[in-house]
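Undergrad: Structure provided below as structure tokens; questions to follow.
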Amino acid sequence: MPIPLPSGKGGWVGLVVALLVALAGGGLGLNAATNDDGGGDNTALEQKCSAENALDQLDCRNTLYVNSIQAYWQTALPEAFGKAYQPSDTVIFSSAVSTGCGSADSGVGPFYCPADDHVYIDLTFYEVLAQQLGASGEFAQPYVLAHEYGHHVQDLLGTEAQVRRQQQRDPNNANELSVRMELQADCYAGAWAKNAVGTTDASGQKIFTSISQQDIQEGLDTAASIGDDTIQKKSGGRIDESSFTHGTSEQRQRWFRAGYDSGDPTSCNTFSGPI
Ligand SMILES: [Zn+2]
């Protein structure tokens, strides 16, 4: 499910350059030696991302984040749930893209499409996060991607299909079920964050050299800034709990933290008990 954006989202074209400059000095410990796309099916990106200073490039950094997230699930999914992981590509697009779930423009924010098993992101979304929602920390980016891969994991585990069926049977609880599914994706993102420094590329090189408490705090700040209540406030709306589909800022932070503290995705049961 896409992360909703505040209404009135004009004005972020042309800010990418500023963002890249800001990122170049970022504190997140990434290993430049691991900087290829890992899939071998995108030669142009691979070449670009193996060049010197590739870590200054937003798409190369995001490729590393995706590689780390998928390396984590490659091990964690069979360990935790006895299920093999199937890799899912992230499609980086600008302005508009056609997907197995219909066409989308960058206004929808990043999303996972269960019909074609891809994560879609327009990197200008990070501008919206930084400029309009106030989540300017570098760790906002891997957090957002890890959340979307959380949906891919839910798809692989059958959780997504179960929730859809349950929503059809019980439309009055459809929104609460969506919130629970979103919070589980946040918890899965936290479980990845805890284990991210242990992830390696195909040649065994560590992808992250370090993740600091500051980085985790940035993940938590991002979770807070894209809670439905915060987005409603920023877009001038009244907070209406019945229209929430992702959870409040506080809920999103709590479940990211729960996944991070346990480092274990089996602890991410958001479908029973209070959230
Ligand atoms: Zn989501």
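The values are calculated or read from the model by the stated rules, or taken from the named source; none is laboratory data. Remember, predicted model here, so these are calculated numbers, not experimental data. Cβ: placed from backbone, ideal geometry, glycine included. Neighbour counts: every protein chain shown. What goes into the accessible areas is simple: the full protein's heavy atoms, side chains included, and nothing from ligands, DNA or RNA. Shrake-Rupley method; radii C 1.70, N 1.55, O 1.52, S 1.80 Å.
Undergrad: Does segment 108-136 hold any residues that are more than 16 Å from the ligand (Cβ to nearest atom) and either of a type in the set (A, V, I, L, M) or open to solvent by 20 Å² or more (accessible area, probe 1.4 Å) (or both), and which are they?
TA: Of everything in segment 108-136, those that are more than 16 Å from the ligand (Cβ to nearest atom) and either of a type in the set (A, V, I, L, M) or open to solvent by 20 Å² or more (accessible area, probe 1.4 Å) (or both) turn out to be Asp116, Leu123, Thr124, Ala130, Gln131, Gln132, Gly134, Ser136.
Undergrad: Could I ask something else about it? Under 8 Å between Cβ atoms, at least 6 apart or on separate chains: pull out the pairs that start in segment 257-275 with a residue that is open to solvent by less than 50 Å² (accessible area, probe 1.4 Å) and end on any residue that is in a loop (DSSP other than H, G, I, E, B) and not aromatic (Phe, Trp, Tyr).
TA: Taking only residues 6 or more apart or on different chains, the pairs are Ala258/Cys268; Gly259/Cys268; Ile275/Gly247.
Undergrad: Kindly indicate whether any position in segment 171-189 is within 16 Å of the ligand (Cβ to nearest atom), free of Cβ contacts under 8 Å to residues at least 12 places away in the same chain, over 26 Å from Glu46 (Cβ atoms) and more than 19 Å from the chain's Cα centre (by Cα).
TA: Filtering segment 171-189 for residues within 16 Å of the ligand (Cβ to nearest atom) gives 174-189.
Pick out the ones that are also free of Cβ contacts under 8 Å to residues at least 12 places away in the same chain and you get 174, 176.
Checking which are over 26 Å from Glu46 (Cβ atoms) leaves us with 174, 176.
Of the ones still in play, those that are also more than 19 Å from the chain's Cα centre (by Cα) are 174, 176.
For segment 171-189, residues within 16 Å of the ligand (Cβ to nearest atom), free of Cβ contacts under 8 Å to residues at least 12 places away in the same chain, over 26 Å from Glu46 (Cβ atoms) and more than 19 Å from the chain's Cα centre (by Cα): present.
Undergrad: Taking segment 137-170, which residues are more than 14 Å from the ligand (Cβ to nearest atom) and surrounded by 18 or more Cβ atoms within 10 Å (Cβ to Cβ)?
TA: If the condition is that a residue be more than 14 Å from the ligand (Cβ to nearest atom) and surrounded by 18 or more Cβ atoms within 10 Å (Cβ to Cβ), then Gly137, Glu138, Phe139, Ala140, Gln141, Pro142, Leu156 are the ones that fit.
Undergrad: Hey, can you tell me all the residues within segment 63-107 that are surrounded by fewer than 18 Cβ atoms within 10 Å (Cβ to Cβ), out of contact with any Cys (no Cβ under 6 Å at 6 or more places or on another chain) and among the polar types (S, T, N, Q)?
TA: Gln74, Thr75, Gln86, Ser94, Ser95, Ser98, Ser103, listed by residue number.
Undergrad: Being on the phi > 0 side of the Ramachandran plot, at pLDDT below 90 and surrounded by 16 or more Cβ atoms within 10 Å (Cβ to Cβ) is true for just one of Gly247, Gly236, Gly227. Which residue is that? Walk me through it before giving the result.
TA: Values: Gly236 fails: surrounded by 16 or more Cβ atoms within 10 Å (Cβ to Cβ); Gly227 fails: on the phi > 0 side of the Ramachandran plot.
Going through Gly247, Gly236, Gly227 in turn, the sole match is Gly247.
Undergrad: Restricting to segment 71-86, what's the tally of residues that are of a type in the set (A, V, I, L, M, F, W, C), more than 16 Å from Cys268 (Cα to Cα) and in a helix (DSSP H, G or I)?
TA: So the first thing to find is which residues in segment 71-86 are of a type in the set (A, V, I, L, M, F, W, C), and the list is 71, 73, 76-77, 80-81, 84.
Still in the running and more than 16 Å from Cys268 (Cα to Cα): 71, 84.
Next, from what is left, pick out any that are in a helix (DSSP H, G or I): 71.
The number of residues fulfilling the criteria is 1.
Undergrad: List every residue pair whose Cβ atoms lie under 8 Å apart, where the two residues are 6 or more positions apart in sequence or sit on different chains, the first residue falls within segment 68-91 and is within 23 Å of Thr209 (Cα to Cα), and the second residue, located anywhere, is β-branched (Val, Ile, Thr) and surrounded by fewer than 21 Cβ atoms within 10 Å (Cβ to Cβ).
TA: Ala71/Thr200
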